[in-house]
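What follows is a single structure, written as structure tokens, with notes after it.
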Amino acid sequence: MDYTYNTSMVCSSQISFHIEDDVVTNIRFLGGCNGNLKAISKLVDGWTVDKIEKYLRGNTCGYRPTSCADQLAIAVRRAYNELHAS
């Protein structure tokens, strides 16, 4: 399933990715720190939802209570829950 998540409180405005079972691939950020977000996308490509949450959930950016990485962890969990709700 392709999924798009509108972020909150970060420079990136949107995250898109593909999720199948619990594996996340093809992660794309719209806006934000281009180089850093491309690197994160490459590093976690093929990871499970649990692994993304383990490493990225709770990361903050400066004074903000969240970060693009944290938003990705939130997004993949939300997508996984929606995918398995039916």
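Here are a few things to note about the model shown:
- Residues satisfying the stated conditions in region 67-86, i.e. polar (S, T, N, Q) and either touching a residue at least 60 places away in the same chain (Cβ under 8 Å) or crowded, with 19+ Cβ neighbours inside 10 Å (or both): SER67, GLN71
- Residue selected from region 53-66 under the condition open to solvent by 10 Å² or more (accessible area, probe 1.4 Å) and assigned to a loop (DSSP other than H, G, I, E, B), by the criterion farthest from ARG28 (Cα to Cα): TYR63
- Any hit, region 30-45, residues being in contact with a Leu (Cβ under 9 Å, 6 or more places away or on another chain), open to solvent by 20 Å² or more (accessible area, probe 1.4 Å), at pLDDT 95 or above and not in a helix (DSSP H, G or I): yes
- Of the criteria (1) in contact with an Asp or Glu (Cβ under 6 Å, 6 or more places away or on another chain); (2) part of a helix (DSSP H, G or I), which one LEU72 fails: (1)
- Hey, VAL24 in contact with a Lys or Arg (Cβ under 8 Å, 6 or more places away or on another chain) and hydrophobic (A, V, I, L, M, F, W, C) or not: no
- Subset of region 1-22 (residues that are exposed (fewer than 14 other Cβ atoms within 10 Å of the Cβ) and touching a residue at least 12 places away in the same chain (Cβ under 8 Å)): MET1, ASP2, THR4, SER8, MET9, SER13, GLU20
The values are calculated or read from the model by the stated rules, or taken from the named source; none is laboratory data. Because the structure is predicted, anything quoted here is derived from the model rather than measured. So basically every Cβ, Gly included, is an ideal-geometry build from the backbone, and we count neighbours across all protein chains shown. To get the accessible areas, we keep the full protein, side chains included, count just its heavy atoms, and leave off ligands, DNA and RNA. Shrake-Rupley method; radii C 1.70, N 1.55, O 1.52, S 1.80 Å.
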